[in-house]
Amino acid sequence: MATAESTTEPESEAESAVETARRQLERAAAHLDVDEGTIERLRHPDSVYEVSIPLKRDDGTVEILTGYRAHHDDVRGPYKGGLRYHPAVTREECVALSMWMTWKCAVMDIPFGGAKGGVVINPKELSRDEEERLTRRLAQELRPVIGPMKDIPAPDMGTNPAMMAWFMDAYSMQEGETQPGIVTGKPPAVGGSYGREEAPGRSVGIIAEKAIDYYGWDIEETTVAVQGFGSVGANAARYLDKHGASVVAVSDVDGAIYDADGLDTNDVQDHDDVPGMVSGYDAPEHFSNAELLELDVDVLIPSAIGNVLTGENAGNVQADMIVEGANGPTTSQADTIFERREIPVIPDFLANAGGVTVSYFEWLQNTNRRAWSLERVHEELEHEMLQAWEGVRKEYEARDVTWRDAAYIVALQRIAESHDARGLWP
């Protein structure tokens, strides 16, 4: 097992997501002969669209909310990225997440660019009617910058397939024709793809399984801790459980549960009918989310929120490997510590890329008006994830770099080649 360091390395200031994304870009660029002008372009978004959204509450009052849509780079195809409802949504966060979406699409070799958006609102405070009014009005406010061949949103934190159906309907009503390709992550009844909702977690499981095999571990003797038993974490945990790993700890917003003999992730999933209920599960031990990150396990999968592995706690992490399920869970300071301690970190924009990959499948199905079976979606997803893994593995073995750097190198090479081919006009 990895040995925890006795000291921590505090971060002088909280590192923003944009700072993390830019530092990661610069590290990868140092390994490639890429035009500095291209790198400078990729440090910044193409555009950020800000909107004021009037929401009529159920009591008749009107509240003005702020929303954002960040477009990072579309050199390889239309912008693609989620829409989140969360009280901590900021312009800077949307920019950073749009950057990661650019790398994610490129490392998967999907012909999309990176986008991200959100509304500053606590979704738990919205009634279903308010959710619908907000989502339909958001579709109208974003109309100038979205489109099936321009920018294709998807669900994210605080949003869901039902909201994507409302979004699609509102957009289609204004267009005068049904446009299922305007969003992905919809219910199958209105053009959504089977397997889309579980795809990010499933891809985390697929990549974790490949990484476990790469290091020569027996998966049936591998212990796993998953922070965040939501859509990504639960599906990753269930995938690994099904394939023989021992998932010993999972958590929700209220805390973590632990069983040294391994949890029945299906039983925990069935228990999790209400958000925040995992920590109420009858398990041998209960502790905090922070303590879960420092458990003595083989594989740690942070799947909750960003910036949970920092310079302050990275020295205490005892896992032998980290597979990122959430977007941006590891700061650059923490990455430096893990590199020094020789703890491999499989990056988010490879591991959780199943979401955008199946979104691409959904977009193809909408464009061709031809639905795929769940079996085909699973087969195609596994094929694409293994192809991406092999591309990153080759760079990892060919260069003295981290897994994150290797994934960035793959992505950056493809993006730079596209920029070079298209040129700069005017």
(message) Working only with C-alpha atoms, what are the Rg and Dmax values of segment 48-191, expressed in angstrom?
(response) 14.4, 48
(message) Between residue 149 and residue 254, what is the label-point separation in nm under the 7 Å Cα-to-beta-carbon projection?
(response) 5.0 nm
(request) May I ask you to compute the full-extension gain from residue 287 to residue 242, defined as 0.36 nm times their residue separation minus their alpha-carbon distance, rounded to one decimal in nm? (result) 13.7 nm
(message) Could you tell me how many cubic angstrom of Cα convex hull volume segment 330-415 has per residue?
(response) 108 Å³
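Quick check on the chain: helices-only [θ] at 222 nm, where DSSP H runs of length 4 and up contribute -39,500 (n - 2.57) each and the sum goes over total residues. Nearest 500, please.
-13500 deg cm²/dmol, from helical runs alone.
Using a 1.4 Å probe on the protein chains only, how many percent of the accessible area of the chain belongs to carbon and sulfur? Don't skip to the end; give the middle numbers.
Working: 8040 of 17780 Å².
Here it works out to 45 percent.
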(request) Please give the contour-minus-distance gain from residue 220 to residue 43: 0.36 nm per residue of separation, less the Cα-Cα distance, rounded to one decimal in nm. (result) 59.5 nm
(message) Over 19 Å between Cα atoms: which of 104/394; 124/186; 104/124; 56/80; 80/150 fall into that group?
(response) 124/186; 104/124; 56/80
(request) At q = 0.14, 0.21 Å⁻¹, work out log10 I(q)/I(0) for segment 186-291 with the Debye formula, treating every Cα as an identical point scatterer and leaving solvent out; two decimals please. (result) -0.55, -1.06
(request) In whole Hz, with x marking every Gly and Pro, tabulate ³J(HN,Hα) for segment 147-158 from phi via Karplus 6.51 cos²θ - 1.76 cosθ + 1.60, θ = phi - 60°. (result) x, x, 10, 10, 7, 10, x, 7, x, 8, 4, x
(message) For the pair residue 267/residue 422, report the inter-label distance in nm, with labels modelled 7 Å from Cα in the Cβ direction.
(response) 5.2 nm
(message) Could you compute the longest span of the chain free of trypsin sites (Lys or Arg not before Pro) located in DSSP loops and having at most 15 other Cβ atoms within 10 Å, not counting the site residues?
(response) 151-340
(request) Over the alpha-carbon set of segment 114-157, divide Rg by the Kirkwood Rh and report the Rg/Rh ratio to two decimals. (result) 0.98
(request) Would you work out the charge dipole size for segment 244-344 about its Cα centre, treating the Cβ of every Lys and Arg as +1 and the Cβ of every Asp and Glu as -1, and quote it to the nearest 20 debye? (result) 500 debye
(request) Would you mind computing, in nm to one decimal, how far apart the modelled labels at residue 374 and residue 58 are, each placed 7 Å from Cα along Cα→Cβ? (result) 3.2 nm
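Using only the alpha carbon atoms of segment 109-198, find the Kirkwood hydrodynamic radius as the inverse mean reciprocal pair distance, in angstroms to one decimal. Show your work: numbers first, answer last.
Numbers: mean 1/r = 0.0740 Å⁻¹.
Every distinct Cα pair counted, the radius reaches 13.5 Å.
Suppose we take every Cα in segment 186-232 and form the convex hull; what volume per residue is that in Å³? Let's see the in-between values first.
Numbers: hull volume 3.9 nm³, N = 47.
It comes to 83 Å³ per residue, whole-number rounded.
The values are calculated or read from the model by the stated rules, or taken from the named source; none is laboratory data. Note that the structure is a prediction, hence the values are computed from the model and not measured. Methodologically, a virtual Cβ is constructed for each residue, glycine included, from the backbone with ideal geometry; neighbour enumeration extends over all protein chains shown. Side chains are part of the model used for accessible areas, which takes the heavy atoms of the whole protein and leaves out ligands, DNA and RNA. Shrake-Rupley method; radii C 1.70, N 1.55, O 1.52, S 1.80 Å.
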